[in-house]
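A.B. asks: Below: one structure in structure tokens.
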Amino acid sequence: QVQLVESGGGLVQAGGSLRLSCAASGRTFSSYAMGWFRQAPGKEREFVVAISLSGGSTYYADSVKGRFTISRDNAKNTVYLQMNSLKPEDTAVYYCAASSITWVTTIQSEYDYWGQGTQVTVSS
């Protein structure tokens with residue numbers, strides 16, 4: 001039982017940075033593995049990165065390795081996505097999600113709760 005709200009999206013030039021936040025309600029945030037997904041115009045939603053319950057394990061999509069960093073602060077009920085060296089192909093709506101599976105997973109259907117999304121636009 002968790003509600004998720006993303007924030008921090010916006011317009012940025014290629015090479016710039018953004019930090020997305022996902023604020024969770026309730027008292028069970030630390031019981032869920034968390035992930036970020038994104039959906040570009042005309043494309044299917046795709047996996048970006050996932051993080052374990054305590055933040056000790058992470059898994060990144062090849063397209064963002066070395067540029068994006070996920071972290072979580074369970075005391076603040078918040079997960080973050082630091083995005084550096086942004087490229088135009090990173091333009092998408094970014095969603096955070098919570099999985100009761102409790103290990104890192106790339107599978108969309110294994111996430112139980114989803115935020116509303118926040119728009120990230122990267123210009124050339």
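The values are calculated or read from the model by the stated rules, or taken from the named source; none is laboratory data. Remember, predicted model here, so these are calculated numbers, not experimental data. Heads up, the Cβs are rebuilt from the backbone with ideal geometry, glycines too, and the neighbour counts pull from every protein chain shown. Just the protein is used for accessible areas: all its heavy atoms, side chains included, with ligands, DNA and RNA removed. Shrake-Rupley method; radii C 1.70, N 1.55, O 1.52, S 1.80 Å.
A.B. asks: With a cap of 11 neighbouring Cβ atoms within 10 Å, and only residues DSSP puts in a loop, list the trypsin sites (Lys or Arg not before Pro) found in the stretch 45-95.
C.D. replies: Sites meeting the loop and neighbour criteria: Lys65.
A.B. asks: Hey, any idea what % of the stretch 44-124's accessible area is carbon plus sulfur with a 1.4 Å probe?
C.D. replies: About 47 percent, which is the carbon plus sulfur part of the accessible surface.
A.B. asks: About the Cα centre of the chain, how large is the charge dipole given +1 on each Lys and Arg Cβ and -1 on each Asp and Glu Cβ? Please answer in debye to the nearest 20.
C.D. replies: The calculation lands at about 260 debye.
A.B. asks: In terms of the ratio Rg/(2.2 N^0.38 Å) built on C-alpha atoms, what value belongs to the stretch 1-88?
C.D. replies: With N residues counted in the stretch 1-88, Rg over 2.2 N^0.38 Å equals 1.10.
A.B. asks: Let's test the formula: R0 of 25 Å, r as the Cβ-Cβ distance of Ala23 and Trp103. What FRET efficiency results, to the nearest 0.05?
C.D. replies: So, using R0 = 25 Å, E works out to roughly 0.65.
A.B. asks: Let me ask another. Ordered by residue, what ³J(HN,Hα) values in Hz, to whole numbers, does the stretch 69-85 give under the Karplus form 6.51 cos²θ - 1.76 cosθ + 1.60, where θ = phi - 60° and Gly and Pro are x?
C.D. replies: Working through the residues one at a time gives 9, 9, 8, 9, 10, 5, 5, 9, 6, 9, 10, 10, 10, 8, 10, 10, 6 Hz.
A.B. asks: What does the highest-first list of 80-93, 97-110 look like by mean Cβ count within 10 Å?
C.D. replies: The peptides rank, most packed first, as 80-93, 97-110.
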